[in-house]
Structure formats: structure tokens, C-alpha cells
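Worksheet: the structure to be examined is printed underneath.
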Amino acid sequence: MTIALITGANKGLGFATAEQLGRSGVKILVGSRDSDKGAEAAELLRARDVDAEPILLDVTDPAGLRPAAARVREGYGHLDILVNNAGVLPEATESDRVRGPADLAMFKATFETNVFGAVAVIEAFLPLLEAAPAGRIVNVSSTMGSLQDQLDPESPYHGMVVPAYQSSKAALNAFTVVLSKALADTRVKVNSVCPGWVQTDLGGPENKAAAPMTPAEGATIVAEMALVAGDGATGGFFDRNGPVRW
Ligand code: NAP
């Protein structure tokens, strides 16, 4: 049985990724920081023929990650796929409280989930990924974190200035590269992906209304890299059109 843990899978891209991976026969552990939301999402997935169970997981609570990892170890002995999907964009939803481009509190709040959260989950679950025949980690990033896009006046991302979020995704990308090197002698592959601009709650209602892609469309590249073959990429950054510039 192939087992995947998706953080922040109770809605948005995480839920859509759960549905796609689940439909391809993967057992889904639906990570959610709220037990009711996790249970509801798992029930909805099961109604759509996905083998899903909720797992309580707040990525900003390392102490709570240990019992979650212990549960997976006891239940399955390994973890095949980890999707670090949980993410926040408080600069969009709390824009009236942003105090400028170098707002330390905003940076801390954003990095806590988008960077330290991913590191904490990998720390807790890496032994289980290494115990799998072909462990896969997907870090859900964004082209908004691409330094080359930010520097390129021709890029559609050039005019976007969301300092804490962009810095957090650039840091997550750096971690993907370094981690892939650290894991080079293992069977575990790790990649960053950008799902595109997707209709979710992340950037608030206006963003959701303006976004061109559905969660299912955005989830395609996430699911694809979660199932990347043994001779496939590691330490890369991809969207639905192929490699993304760092
Ligand atoms: P979303 O609908 O707001 O979903 C975010 C998910 O993350 C929710 O399930 C949320 O849980 C969860 N989450 C937040 N903080 C958490 C924590 N501390 N512990 C556990 N779960 C937590 O947004 P989304 O668009 O699907 O975002 C998913 C990922 O895609 C993020 O990493 C985001 O940066 C990335 N992304 C999105 C877009 C886009 O256009 N939407 C583009 C590029 C990248 P609650 O329901 O409890 O809040």
C-alpha cells in the first residue's frame, strides 16, 4: 500500500491533491490542524472513493508532530509520500496590519508555517520516508519565490511585491535543493512545485475570484511530482509547464 501524508489537506490545493493521489490508489492521511475539519474532509474523500483518514497535524507545533509520526509508524511502518502543502499568506489577508516591506512580525508569522513548518514535518517524518521503498517529498512552493522571476522585468511575477511570502518560498526552495543533496545517497527524492494561481482562500476573496485555475488543475503538478519515478527529478522546481527558474 502506498501511503501519502498531505499537510493542510482539509481544503484548497491540499484537498484537491488528496483527491487526485487518492484516485490513483494511494492511501491518504489527511493532515489538518483542526480535528473536525480533518474528519469532514476525510469523509468527503471517502465518499469520492478515496481511501482517506484524518491525522491531526499543526505544522507549527513540533511537539504534536511526534505523536502523529508515531501513529504512522505503528500503523504502516513507513511513509511513501509527504506533501508539504500547508501554507499561509498573511500579507494578503491582513494587509491593513502590514507595516512596510520589512515587517518582522509578518516575516516570523509567514516563515513559521511556510518554512519552519515544512522543516519540522520533514524532521518528524524523514525516518519513515527513508523506510519506504521510494520516499517522495513535495514542497508546495510558488513562482513568487523565484529570484530570477522577481529580477526579470519580462516576468509576469516581476511586479508582485509580497516580501514575507516571497522570501518564505525562496527559503523553502533553498531547503529543497540542500535537502536533495543531503538525501542523494538515499531512495528519497524531494522537489518544489508551483501549482499556478489557484482559486483558494489563501489570498482572500478578491484573489480567489481573480485566480484563473481550479484547485484540481493546480493539484496536477503536485500529484505528478509526488509520484515521480525512480529515475525522475530530485532537487528541482516544477510547474505544469516544466522546470521553473530558481
Ligand atoms: P488554503 O486554501 O488557504 O489552504 C491552506 C491550508 O493550509 C489549509 O488547509 C490550512 O488549514 C492549512 N494550514 C495553514 N496553517 C497550518 C498549520 N499551521 N498547520 C497545518 N495546516 C495549516 O490555500 P492553498 O492555496 O490551498 O495553499 C496551499 C499551498 O499552495 C500553500 O503552501 C500556498 O503557499 C501554495 N500556493 C498556492 C497558490 C494559489 O494560487 N492558491 C499559488 C502558489 C502556491 P486551515 O483550514 O485550518 O486554515
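The values are calculated or read from the model by the stated rules, or taken from the named source; none is laboratory data. What you see is a predicted model; the values in this text were computed from it and never measured. Because the Cβ atoms are built from the backbone with ideal geometry, glycine has one as well, and the counts that use them run over all protein chains shown.
Remarks
- Qualifying residues in the stretch 183-216 (those that are in contact (Cβ under 8 Å) with a residue 60 or more places away in the chain and of a type in the set (A, V, I, L, M)) - the one nearest to G14 (Cα to Cα): A216
- Set side by side, the residues L13, L57, L5 differ, and just one is near the ligand (Cβ under 7 Å from one of its atoms) and within 22 Å of C194 (Cβ to Cβ), which is L13.
- When we screen A223, A132, A219 for residues that are part of a loop (DSSP other than H, G, I, E, B) and buried (at least 19 other Cβ atoms within 10 Å of the Cβ), the only hit is A132.
- From L104, L89, residue being within 18 Å of K169 (Cα to Cα) and more than 10 Å from the ligand (Cβ to nearest atom): L104
- Residue in the stretch 175-188 that is in a loop (DSSP other than H, G, I, E, B), within 16 Å of the ligand (Cβ to nearest atom) and not aliphatic (A, V, I, L, M) present: no
- Options A105, A120, A170: the member that is under 27 Å from G204 (Cβ atoms), crowded, with 20+ Cβ neighbours inside 10 Å and modelled with pLDDT of 95 or more: A120
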